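**Q** Take a look at this one; I'll ask things after.
The values are calculated or read from the model by the stated rules, or taken from the named source; none is laboratory data. Here the structure is a predicted model, which means the values were calculated and not measured. Heads up, the Cβs are rebuilt from the backbone with ideal geometry, glycines too, and the neighbour counts pull from every protein chain shown. Please note that ligands, DNA and RNA were not included when accessible areas were found on the heavy atoms of the full protein model with its side chains. Shrake-Rupley method; radii C 1.70, N 1.55, O 1.52, S 1.80 Å.
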Amino acid sequence: MSNITGKVIAITGASSGIGEATARLLAERGAQVVVGARRTERLETLVADITSTGGSARFRAVDVTSREDTKGFVDFAKAEFGRVDVLINNAGVMPLSMMGDLKVDDWDRMIDVNIRGVLHGVAAVLPDMQARGNGQVINVASIGAHVVIPTGAVYCATKYAVWAISEGLRQENPNVRVTTISPGVVATELGHDITDASTQELLADLRKKALTPDAIARAVAYAVEQPDDVDVNEVIVRPTVSAF
Ligand SMILES: NC(=O)c1ccc[n+]([C@@H]2O[C@H](COP(=O)([O-])OP(=O)(O)OC[C@H]3O[C@@H](n4cnc5c(N)ncnc54)[C@H](OP(=O)(O)O)[C@@H]3O)[C@@H](O)[C@H]2O)c1
């Protein structure tokens, strides 16, 4: 039996892309998954797909920019399955732009979703994990937590922050496993909200050499399935043919 079987795993940002692929894979491997995002019709379809093939899944609407909502999402998972063994803070946005364009609302949104959202998730699960003396938090950062490119200053800053939050959380909590997954370029909906045409083209060009989301799902599964005394702290997964 794998160390995934029977685990209660809550995943934010599971209505598309990496979160959705991760939910499908972990459910297939026997986890009880609770999926959250704002587009509930997509979550409903995902849960129906998983349960129709014998998996165990529930969904709940969550906006991770709200501390109360994120706690409500975790409380829902606990009410449905008794506890949360693993939280995957995956929700993220990437409206890239040059700093000089002063798209400050987009800067705020990235900070609210990518940093505050992760902190809200941590706050919602940490007390129980500390009290139990076990648990795992997986934060989806990015290759942008390791390199910065023009148009990516604020997005990368949020992902550097995710890296730092993970590292501090790990050092302070010897009984909680903490994993940072840093994907390179993956073909998903991320960046659909970029408004500048040349930046859209830059991303489209990068995506010519992209992984599919299941590659990241397998990295997440690898981190979850290790024995409890093994803490996979960081995984970077890039397309072989790409610098990013
Ligand atoms: N694709 C890549 O190349 C790549 C590379 C490195 C890192 N990443 C990271 O991977 C993670 C997943 O992104 P993806 O590539 O799978 O993109 P995606 O397909 O756009 O998925 C992003 C998810 O985040 C959710 N989300 C956005 N704002 C939210 C909010 N306020 N509250 C709750 N959920 C919210 C979206 O759902 P709703 O809109 O339904 O709420 C969606 O499910 C992100 O953290 C991203 O930064 C992606």
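**Q** Does region 163-180 include one or more residues that are touching a residue at least 60 places away in the same chain (Cβ under 8 Å), of a type outside the set (Gly, Ala, Ser) and surrounded by 22 or more Cβ atoms within 10 Å (Cβ to Cβ)?
**A** Scanning region 163-180, I find no residue that is touching a residue at least 60 places away in the same chain (Cβ under 8 Å), of a type outside the set (Gly, Ala, Ser) and surrounded by 22 or more Cβ atoms within 10 Å (Cβ to Cβ), so the answer is no.
**Q** Right, next: Taking the options Ala157, Ala204, Ala164, name whichever one is more than 13 Å from the ligand (Cβ to nearest atom), of a type in the set (A, V, I, L, M) and not in a loop (DSSP other than H, G, I, E, B).
**A** Answer to the check: Ala164.
Table: residues versus (1) open to solvent by 10 Å² or more (accessible area, probe 1.4 Å); (2) among the aliphatic types (A, V, I, L, M); (3) more than 18 Å from the chain's Cα centre (by Cα); (4) within 13 Å of the ligand (Cβ to nearest atom).
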| site | (1), (2), (3), (4) |
| --- | --- |
| Arg29 | yes, no, yes, no |
| Ser52 | yes, no, yes, no |
| Arg60 | yes, no, no, yes |
| Asp63 | yes, no, no, yes |
| Gly72 | yes, no, no, yes |
| Val86 | no, yes, no, no |
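**Q** Further, regarding this structure: Select from region 1-27 the residues that are in a loop (DSSP other than H, G, I, E, B) and out of contact with any Lys or Arg (no Cβ under 8 Å at 6 or more places or on another chain) and write down the one among them that is farthest from the ligand (Cβ to nearest atom).
**A** Met1
**Q** For region 37-133, which fully contained helices (runs of 4 or more DSSP H) count at least 3 residues that are in contact with a helix residue (DSSP H, G or I) (Cβ under 7 Å, 6 or more places away or on another chain)?
**A** 67-81, 117-132
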